[in-house]
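What follows is a set of notes on a single structure, which appears directly below.
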Amino acid sequence: MARLGIGGWSVRLIVLGIGVALLFAPFLFPGVRAIEVAARICVFIVLVASYDLLIGYTGIVSFAHTMFFGLGAYGVGIALAQHDASWSALILGGAAGVLAALVLAVLIALLSLRVKAIFFAMVTLAVASVALVLASQLSNLTGGEDGVTYSAPDLFSPATALFHDATGRTARFFGVRMDGKIAAYYFIFGGSLVLYLILLRVTVSPLGTVLKAIRENEARAEALGYRVVAYRTFVFGFTAVMAALAGVLYATWLQYTGPDTTLSFEIMVDILLMVVIGGMGTMWGAVIGAAALVMAQYYLRDLMQAASDALAGLPLLPDLLNPDRWLLWLGIVFILLVYFFPAGIAGTLAGRETRK
Amino acid sequence: MNALELNGIETRIGRYNVLHEVSFTVPEGGVFVLLGRNGAGKTTTLRTIMGFWTPHAGSVRFRDTEISGLHTSVIARKGVAFVPEDMGIFRALTVAENMTLATARGQFDSARLDWIFDLFPALKTFWNTAAGGLSGGQKQMLAVARAIIEPRALILIDEPTKGLAPAIVDAMAEAFQEIARDTTILLVEQNFEFARALGRDMAVIEDGRIVHTGSIEAFAEDTELQTRLLSLSV
C-alpha cells in the first residue's frame with residue numbers, strides 16, 4: 001500500500017475528524033456563518049496544500065501564490081459579472097484564469113528559477129505586487145478596490161430547491177433546507193477534496209520523491225540525472241494551477257471577487273502561517289493548519305468575548321481578553337504552537353510517534 | 001575505445017585556476033586510480049568530468065563523445081555515475097527511495113537488486129529506514145549501491161574509504177572488485193593500500209597538474225617516486 005504522506009495515527013485521526021466535520025458541516029453546524037467557515041476551510045486546504053508542495057516538498061519560496069489564487073477567482077468573477085450566471089461562463093472564465101496562472105507561472109519560473117532562492121522569492125513578490133496594483137487600477141475589468149459582485153449559476157442560488165417535500169416546498173433533512181446553498185457547499189467540498197487528493201497523490205508518487213530529493217540537495221539530484229530546473233518549473237506551474245482552481249472554487253462560493261479576498265498579502269501571510277502551524281512538507285498539515293487558523297480567525301473573538309464576560313468581576317483580565325485584542329492572542333497562540341510543535345502539528349506528532 | 005579521455009583540461013573556480021592542462025586516459029574496464037595530496041585537484045577533476053564545473057579549456061571525451069560543457073544531468077543520463085566524498089545520499093529519504101531515484105523508470109531489476117543485497121546486506125536490513133539514520137559505512141554502501149543499481153559505463157568515486165572502519169574498507173574493496181568486472185571505475189583515493197589492491201592504472205595529480213601516469217604496480221615498487229609525489233612509502 002502506498003504511504004500517504006507522513007504522519008502517524010494521531011495525525012490521521014485529526015485529519016479524519018476534520019474531514020468528517022467538513023463533510024457533514026451543514027448538518028452538524030447549522031447557520032450561515034458556520035457553513036461560511038467550512039467552505040473557507042475547504043478552499044484554504046487546497047491553497048495551503050499546493051503551497052506546501054511548493055515550499056515544503058520542493059523548497060521553492062514564492063510570494064506569488066495568492067496571485068495565482070486571484071487569477072482563478074478573477075477569471076470566474078469577471079466572466080460571471082460580464083455574462084449571464086451560466087455554467088459556460090463559469091467554466092470558460094475559470095479556464096481562462098487557470099490558463100493565465102499557468103502561463104504566468106511558467107514564464108516566471110523559466111526567467112527566474114535559475115537564480116538563488118532569495119532572488120526568486122523577491123521576483124515573485126514583485127510580480128504579485130504588480131498583480132495587486134493592476135487589479136486595483138483596471139477598475140473597468142476588475143471593479144478596482146470594490147471588486148466584482150455577480151451571481152453563480154442557478155443551481156447555487158438559495159432560492160433553488162434541490163428536493164421538494166410532500167407540500168411542494170423545499171425539503172429539509174435533519175432540519176437543514178436542501179437549497180442551492182447546500183449544492184454550492186458540496187460543490188466546494190467535492191472540488192476541494194478532488195484537488196487535495198491529486199496533491200496528496202503527487203507527494204507519494206515517484207515525482208514526490210524527486211521533489212524531496214531536490215529540496216534536500218539540487219546538485220545531488222542532478223548527478224542522478226534529474227534536470228532540476230525542469231522539475232522546479234513543472235512544480236511551480238502545477239501548484240499555480242492548483243491555486244487558481246482553488247480561486248475558482250472560492251469565487252463561485254463567495255459570488256464576489258476583490259483584492260482583499262484573493263490577492264492581498266494578508267492572505268499570503270495566512271497561507272504561510274497555515275503551512276507552518278500544520279507542518280511543512282507533511283501535506284496532512286495543510287488540513288490541520290487551514291482548519292486551525294480559519295477557526296481562530298472566525299471564532300477567537302467570540303471565545304474571548306465569552307471569557308471576558310465570564311471574568312467581568314475580576315480586575316485586568318476582562319480587559320486583556322477584550323475581543324479587540326484578538327490578534328495579540330492569536331500571535332501568542334502561534335508562538336506557543338511553534339514552541340511546542342516546532343515541526344508543525346502534523347510534523348511534530350508524526351515525529352513523536354516515529355521515535356516511540 | 002577508452003572509457004574516458006581528458007585532454008588539456010583547465011578549470012577555474014572563481015579567480016583561481018585549479019586544474020592546469022589535465023590530461024589522462026581511463027581505459028575501458030577495471031579500476032583507474034587518481035592519486036594526490038589534499039588540495040591537489042582530485043575532487044575538482046571528478047566534478048569537472050561530471051559537469052559541476054565547466055572547463056575553461058580542453059576536452060572530456062566519454063566513450064568517444066565530447067561531454068565537457070554538458071549539463072550534469074545529461075552526463076548522468078549518458079551512463080556516468082558519481083559517488084561524492086560526502087556520499088551524496090538524501091538523508092530525509094529512505095534507503096529504498098534513495099535507490100529508486102537512481103533508476104531510470106523507478107523500477108528495480110530484481111536480479112541486480114539481489115546482487116546488490118549480496119554485496120551490501122545491510123541495505124536490505126535498513127531498506128525502509130531513513131538514510132540519515134544509517135552509520136557512515138552504511139551510507140557509503142548506499143552511495144555505491146545507488147551508483148550501480150542500473151548498469152553504468154563509468155563510475156566516479158571520490159575517497160570512499162575516508163573515515164570508515166577497516167572491516168568496512170575490506171568489504172568495500174571486495175565490492176569494488178566485483179563491480180569492476182563489468183564497469184569502469186575512476187577512483188580518487190588517499191588510502192594507497194586500498195587503491196593498490198584494486199587498481200591497474202593510475203595517475204598522480206599535484207597542484208592541479210598530472211605529474212605521473214602509469215601502472216599502479218610499477219608505482220608501488222618505486223618508493224622514491226612515491227615519497228616525492230605523495231610523501232608516502234608503501
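Quick note: the coordinates plus some simple rules give every number you see, no bench work behind them. Here the structure is a predicted model, which means the values were calculated and not measured. Cβ placement follows ideal geometry from the backbone for every residue including glycine, while neighbour counts extend to all protein chains displayed.
Remarks
- Note on segment B:80-234: Cα-only Rg and Dmax are 16.5, 51 Å.
- Peptides A:151-158, B:125-132 ordered by average Cβ neighbours within 10 Å, highest first: A:151-158, B:125-132
- Distances between placed amide hydrogens fall under 5 Å for B:Thr94 paired with B:Ala131, all partners being 5 or more residues away or on another chain.
- Lys, Arg +1 and Asp, Glu -1 on Cβ, resulting dipole of segment B:193-234 about Cα centre, debye, nearest 20: 100
- Total charge dipole magnitude, segment A:205-356, about the Cα centre, Cβ charges on Lys, Arg, Asp, Glu only, Debye to nearest 20: 720
- Counts of other chain beta carbons within 10 angstrom of each beta carbon in peptide B:101-112 average 2.
- In this Cβ point-charge picture (+1 for Lys and Arg, -1 for Asp and Glu), segment A:9-355 has a dipole of about 980 debye about its Cα centre.
- Note on B:80-90: average number of Cβ atoms from other chains within 10 Å of each residue's Cβ is 3.
- For chain A, adding -39500 (n - 2.57) for each run of n ≥ 4 DSSP H residues and dividing by the number of residues yields -23000 deg cm²/dmol at 222 nm.
- Cα convex hull of segment A:9-355, projected area averaged across orientations, nm²: 20.9
- Averaged over the residues of A:222-233, the number of partner chain Cβ atoms lying within 10 Å of the residue Cβ comes to 6.
- Among B:Ile168, A:Ala117, B:Gly58 - extreme Cα towards positive end, dipole of the protein assembly as shown, charges at beta-carbon: A:Ala117
- Full extension of the chain between A:Ala34 and A:Gln305 yields a length gain of 95.8 nm, computed as 0.36 nm times the residue separation minus the alpha carbon distance.
- Within-14-Å neighbourhood charge of A:Arg172 [Cβ basis; K, R +1; D, E -1]: +1
- Structure note, pairs A:Lys116/B:Lys42; B:Lys42/B:Lys162; B:Lys139/B:Lys162; A:Lys212/B:Lys139: Cα-Cα distances above 21 angstrom occur for A:Lys116/B:Lys42.
- Residue by residue, segment A:174-191 carries 3J(HN,Hα) couplings of 6, x, 9, 5, 7, 10, x, 5, 5, 4, 4, 4, 6, 5, 5, 4, x, x Hz when phi is fed to the Karplus relation 6.51 cos²θ - 1.76 cosθ + 1.60 (θ = phi - 60°); x denotes Gly or Pro.
- When the charge dipole of the protein assembly as shown is built from unit charges on Cβ atoms (+1 for Lys and Arg, -1 for Asp and Glu) and taken about the Cα centre, the candidate among B:Thr100, B:Phe192, B:Asn128 whose Cα reaches farthest toward its positive end is B:Asn128.
- For the protein assembly as shown, the share of DSSP beta bridges that are antiparallel, to the nearest 5, is 60%.
- Part-to-part distance (alpha-carbon centres) for segment A:19-36 and segment A:145-224, which is given in Å: 14
- Taking amide H as placed 1.01 Å from N in the peptide plane, the amide H of A:Asp179 sits under 5 Å from that of A:Leu162, each at least 5 places away or on another chain.
- Whole-number D in µm² s⁻¹ for the protein assembly as shown, Kirkwood Cα-pair radius fed into Stokes-Einstein, 20 °C, 1.002 mPa s: 78
- Environment charge at A:Leu272 (Cβ cut-off 12 Å; Lys +1, Arg +1, Asp -1, Glu -1): -3
- Using the Cβ of B:Pro160 as centre and a radius below 10 Å, the other residues enclosed give a net charge of -3, where K and R count +1 and D and E count -1.
- FRET E, pair A:Ser86, B:Arg77, Förster distance 35 Å, beta-carbon r, rounded to 0.05: 0.10
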